[in-house]
1. For the range 198-257, what log10 I(q)/I(0) values come out of the Debye formula at q = 0.12, 0.15, 0.21, 0.27 1/Å, with one point per alpha carbon and no solvent?
2. If packing is taken as the average count of other Cβ atoms within 10 Å, what order do 127-134, 158-165 fall into, highest mean first?
3. So how compact is the range 32-120: Cα radius of gyration and Dmax in angstrom?
4. 7 Å from Cα along Cα→Cβ at both ILE121 and LEU61: what's the point-to-point distance in nm?
5. Between ASP54 and LYS102, what's the calculated FRET efficiency when r is the beta-carbon distance and R0 is 22 Å? Round to 0.05.
6. Ignoring solvent entirely, what values of log10 I(q)/I(0) come out of the Debye formula for the range 137-198 at 0.26 Å⁻¹ when each Cα is a single scatterer?
7. Could you give the length gained by full extension between THR154 and ASP206, i.e. 0.36 nm per residue of separation minus their alpha carbon distance, to one decimal place?
8. Expected output is a single nm value to one decimal: the length gained when fully extending between LEU195 and LYS161, i.e. 0.36 nm times separation in residues minus the C-alpha distance. What is it?
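The values are calculated or read from the model by the stated rules, or taken from the named source; none is laboratory data. Everything numeric here is computed off the predicted structure, so don't read it as measured data. FYI the Cβ positions are ideal-geometry reconstructions off the backbone, even for glycines, and counts take in every protein chain you see. Note: areas computed on protein heavy atoms with side chains; ligands, DNA, RNA excluded. Shrake-Rupley method; radii C 1.70, N 1.55, O 1.52, S 1.80 Å.
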Amino acid sequence: MCYDVAFTAKMQTIQEHFPNIIEEEQLIIHFDTTVHIQGHAFKEQPIIYQNRDDQKLHLKLMEWGCIPFYIKDEKAFQRQRLTMLNARSERILDDKTSYWFKIRERRCLVPVSGIYEHREIKGWKNKVPYFVSMPQQALFYLPGLYSVAELPDTTTGEIRKRWSFTIITRPANKLMQQIHNGGDNAGRMPLFLPLDLAQEWLGNVDEPNYRKILDYEMPSEALSYWPVFSIRTNKPHPENKQKNEAYEWPQLPAISL
C-alpha cells in the first residue's frame, strides 16, 4: 500500500501543470518536514480537486485518511481511519457496498515528488526502505478520492467541515512487486499516472475512461528507485542526509527488471 510520501518540488510546478488553478489557502511548504509525510499522522497536504460550485480546479489543504461524511464521533472512528489511507482501485467502481463507490465522483490528485516503501530480503532481520520517484517529473500526481465530513471542533465545539482524502492503489508492476514484497498488502503500489491521465482524472470522466485510468500500469522503466537509510524512525542518517537520499546497504541483492 502507500503510507509514506515526499513532497519537495516547487509549488510553481503545479501552476505550470494546471494553469489557472485556484489556491484556497496561502500554502507554505516546509521541505524539512515534507521530505517524509507519514499517512498515519493524518496531517494536511495540498490536494487538487474540481470544485463542485464553480467547476474550476482548486488547491486545498486536506487531511490524509478519509473521514466518511456520515461519521459523527471522530474519536470512535480513529482506529478505523487507519484503513482509509488507501483505496483499492478494484473496489471503486465494482464494489457498490464500499465507501469508495459512494464517493467515486469526488476525485482528486495528490502532488508528490516520490513515495517510500519497504522491501523484505530473505535472511535479513530488517526490511530495507526504498524511495521511488518519476525521473521525468520532479513533481507528479497520485489519484485519490476526497471526502467532506461535518464534525465538532474539539476545542470550541463548533461544527466545521473536515476535508480528507485517500490515495488509490493497484496491483504492483514488476519493480514494485520486488520492493513491496512483504506484509499483508504485499504486491500493491500507488496508481502512478502520467501527466495527461492525471489531468483527465479531474475532468468529466465517463465510466469506460474511468476504468481505463484505474487500470493504467506505470512501466517499471519509467520509475527511479534507490534504497534509503530509514523511513519512520528518528534515527539520524549516518551521513547527515535527507530521508529521500540514497544509502548504500552492504550486500543488498539487486532488483532485476
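1. Debye curve over Cα of the range 198-257, log10 I(q)/I(0) at q = 0.12, 0.15, 0.21, 0.27 Å⁻¹: -0.57, -0.71, -0.87, -1.14.
2. Ranked from most to least packed, the peptides come out as 127-134, 158-165.
3. According to the Cα coordinates of the range 32-120, Rg and Dmax are 14.5, 47 Å.
4. 4.0
5. Plugging the Cβ-Cβ distance into 1/(1 + (r/R0)^6) gives 0.40.
6. -1.07
7. The span from THR154 to ASP206 would gain 14.7 nm if fully extended.
8. 9.2 nm
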